[in-house]
Amino acid sequence: MIHKQNIVLVVLLIFTISVIAQKSDKYSQKLPATTLKIEMVAIPSGSFNMGSQDSEEGRDEDEGPQRKMDIEGFWMSSYEITWELYNLFLQRELDNVVFAEKGKEVEKKVDAVAGATIPYVDMSLGMGTGKNLPIGNVTQLGASKFCEWLSAITGVFYRLPTEAEWEYAARAGTAGAYSFDDDDSIEEYAWFSDNSGATYHEIGKKKPNPWGLYDMYGNVAEWTLDQYNANTYTESTSIYIQVEKEYPAVIRGGSYKDSPEMLRSASRAFSKPVWKQRDPQFPKSKWWHTDAPFVGFRIIRPYMTPNQKEQNSYWLGKE
């Protein structure tokens, strides 16, 4: 005779296995009324030592001391967000489209999401905005509001990664300066100062890291959610440092104009007011830089969806 308690345990086990399987799968986030999609890769939960060892070549003082970080699993976009995708947010032509496959994680109405201004000059600075080219010159706010808009139209919660999540994903279970083997060359994985020709390139043309993420090193540097502090690793145990002011905020990964040392998994960089040096507006644009075409972003979706108050704070909105 089968006891009711055993039946409940079996049902719970099946449900747990189903959830784990679902979260181990990659998927494509389709955008309504378009042929565009965002490829999302599953990043497992785990722990890692954030920062670099004293002996690591190219190490800066703000990368230590190393600290153990526990990371909850998430999906991350396999590629950097492109101009083609970002232009959907700029044009807002999808706002009134009924999306049959809309998720249930986000209740925000799309018309409540602030719209970015259309660029008044060529924000690519001549490097192009064509298909599969990564967005550049976008501010951290502009990147976060893209995530908010994408969440509203799809019903699926998306945001920028924290600095810790970014490094964890870049390392992909490795502990060295880069995620690839010593026998490999960085040229196989990244566009940087020696091979880029001083421009960004189409996404996905180099090898991915062990977790299927392309261009984590080089091409364009990537926004995180964190406020930059040179002493973060000694002064804070938080999973991330919430942004309170525009500068400085953390970018990761290095870009097409950087040396290999700036592309390391632990390397940290940050935003600067000079990135709007040529902006003639007053006040200067909160959506665009004029002098940072080397900075873009990629997005994540946590396995565990935060509540509405937390969602808004991740999108750099008021709590």
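Taking strands (runs of 3 or more DSSP E) as the structural unit, those lying wholly within segment 213-319 and holding at least 1 residues that are closer than 20 Å to residue 62 by Cα and within 17 Å of the chain's Cα centre (by Cα) correspond to 221-227, 249-252, 268-270. Among residues of segment 61-116 being of a type in the set (A, V, I, L, M) and assigned to a helix (DSSP H, G or I), the one that is nearest to the chain's Cα centre (by Cα) is 85. Residue 116 meets all of the listed conditions (1) within 17 Å of residue 300 (Cβ to Cβ); (2) out of contact with any Pro (no Cβ under 7 Å at 6 or more places or on another chain) but one, namely (1).
Summed over segment 138-179, the residues that are under 21 Å from residue 204 (Cβ atoms) and in contact with a His (Cβ under 8 Å, 6 or more places away or on another chain) give a count of 1. For segment 258-292, the candidate set comprises residues that are among the charged types (D, E, K, R) and touching a strand residue (DSSP E or B) at 6+ places or on another chain (Cβ under 9 Å); within that set, the residue that is farthest from residue 118 (Cα to Cα) is 268. Hey, any hits in segment 91-100 for a residue that's small (Gly, Ala, Ser), surrounded by 14 or more Cβ atoms within 10 Å (Cβ to Cβ) and either in contact with a strand residue (DSSP E or B) (Cβ under 8 Å, 6 or more places away or on another chain) or over 30 Å from residue 205 (Cα atoms) (or both)? Within segment 91-100 (the criterion being small (Gly, Ala, Ser), surrounded by 14 or more Cβ atoms within 10 Å (Cβ to Cβ) and either in contact with a strand residue (DSSP E or B) (Cβ under 8 Å, 6 or more places away or on another chain) or over 30 Å from residue 205 (Cα atoms) (or both)), the answer is no, since none of the residues qualifies. Taking the criterion of being in a loop (DSSP other than H, G, I, E, B), more than 9 Å from the chain's Cα centre (by Cα) and surrounded by 24 or more Cβ atoms within 10 Å (Cβ to Cβ), the residues of segment 153-171 that qualify are 157, 158. Among 200, 189, which is the only one that is free of Cβ contacts under 8 Å to residues at least 40 places away in the same chain and under 26 Å from residue 126 (Cα atoms)? From the options 200, 189, the qualifying one is 189. Per the listing 28, 47, 77, the residue uniquely closer than 19 Å to residue 176 by Cα, hydroxyl-bearing (Ser, Thr, Tyr) and modelled with pLDDT of 95 or more is 47. Residues in segment 172-187 that are in a loop (DSSP other than H, G, I, E, B) and either surrounded by 15 or more Cβ atoms within 10 Å (Cβ to Cβ) or of a type in the set (A, V, I, L, M) (or both): 172, 174, 175, 176, 177, 178, 179, 180.
Consider residue 235 carefully, then state whether it is touching a residue at least 24 places away in the same chain (Cβ under 8 Å), acidic (Asp, Glu) and out of contact with any Pro (no Cβ under 6 Å at 6 or more places or on another chain). For residue 235, the condition - touching a residue at least 24 places away in the same chain (Cβ under 8 Å), acidic (Asp, Glu) and out of contact with any Pro (no Cβ under 6 Å at 6 or more places or on another chain) - is not met.
The values are calculated or read from the model by the stated rules, or taken from the named source; none is laboratory data. All figures in this text were calculated on a predicted structure; none of them were measured in a lab. Reconstructed Cβ throughout: ideal geometry from the backbone, glycine too, with neighbour counts over all protein chains shown.
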